[in-house]
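Here's the structure we're looking at; comments come further down.
The values are calculated or read from the model by the stated rules, or taken from the named source; none is laboratory data. Everything quoted here is computed from the prediction, not taken from an experiment. We place every Cβ from the backbone using ideal geometry, glycine too, and count neighbours over all the protein chains shown. Areas reflect the complete protein model, heavy atoms only, side chains present, ligands, DNA and RNA absent. Shrake-Rupley method; radii C 1.70, N 1.55, O 1.52, S 1.80 Å.
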Amino acid sequence: SVIVVDQAHTVLFFNISAKLLINTENAIGQNIFSVLKMDLSSTDENGNDISFNDIVNNFVFGSRDTAINMILFGSKIDNQNQTQKYWFSFSILPIFDEQNRNIHQASNRFALIFRNIGDEKRQASLVADETEKHLSIVHQILPGQVAERLLKEQKSISMTVEKVAISF
């Protein structure tokens with residue numbers, strides 16, 4: 001989804017996929033924060049939440065030396081009254097007109113670019129859950145020392161116990 005805003009946070013343009021994020025009816029000319037359908041935030045390196053408003057304001061009113069790229073998360077209530085969680089890869093890029101080609105000159109328009117990565121997050125979570133289940137089964141079936149060695153080396157293990165040989 002792409003939403004173009006000016007320095008005053010006024011929505012100038014959006015593409016059709018932005019309807020997941022904003023109320024698209026009469027969004028043009030409105031403040032981006034007033035038309036959002038969900039609260040969006042991110043976390044900093046210390047694990048503190050940073051609101052979408054702060055992220056945008058820090059970029060628009062900051063130095064704008066580098067583009068912003070981060071993961072945002074949010075939630076909203078769907079038609080069945082269920083909370084849906086969303087994750088987005090998010091970037092803010094300045095937009096320059098044809099005459100303003102100098103990257104160091106300030107731009108008054110910005111593209112807010114969102115890529116829905118919720119399916120990727122859910123898939124990664126499912127893989128992690130399944131991996132945890134498999135590891136738990138291995139540890140339940142095999143002696144601890146053998147399980148650790150098998151998982152670490154991932155090759156056949158042979159050992160002899162008085163009058164019995166077991167291969168894993």
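Determine whether the range 87-94 contains at least one residue that is open to solvent by 100 Å² or more (accessible area, probe 1.4 Å), among the hydrophobic types (A, V, I, L, M, F, W, C), modelled with pLDDT of 80 or more and not in a loop (DSSP other than H, G, I, E, B). No, that holds for no residue. Is it the case that some residue within the range 17-31 is open to solvent by less than 30 Å² (accessible area, probe 1.4 Å), in contact (Cβ under 8 Å) with a residue 12 or more places away in the chain, more than 13 Å from F90 (Cβ to Cβ) and of a type outside the set (G, A, S)? For the range 17-31, residues open to solvent by less than 30 Å² (accessible area, probe 1.4 Å), in contact (Cβ under 8 Å) with a residue 12 or more places away in the chain, more than 13 Å from F90 (Cβ to Cβ) and of a type outside the set (G, A, S): present. When you go through (1) open to solvent by less than 60 Å² (accessible area, probe 1.4 Å); (2) at pLDDT below 85 one by one for V56, which number turns out not to apply? (2) is the only condition that V56 fails.
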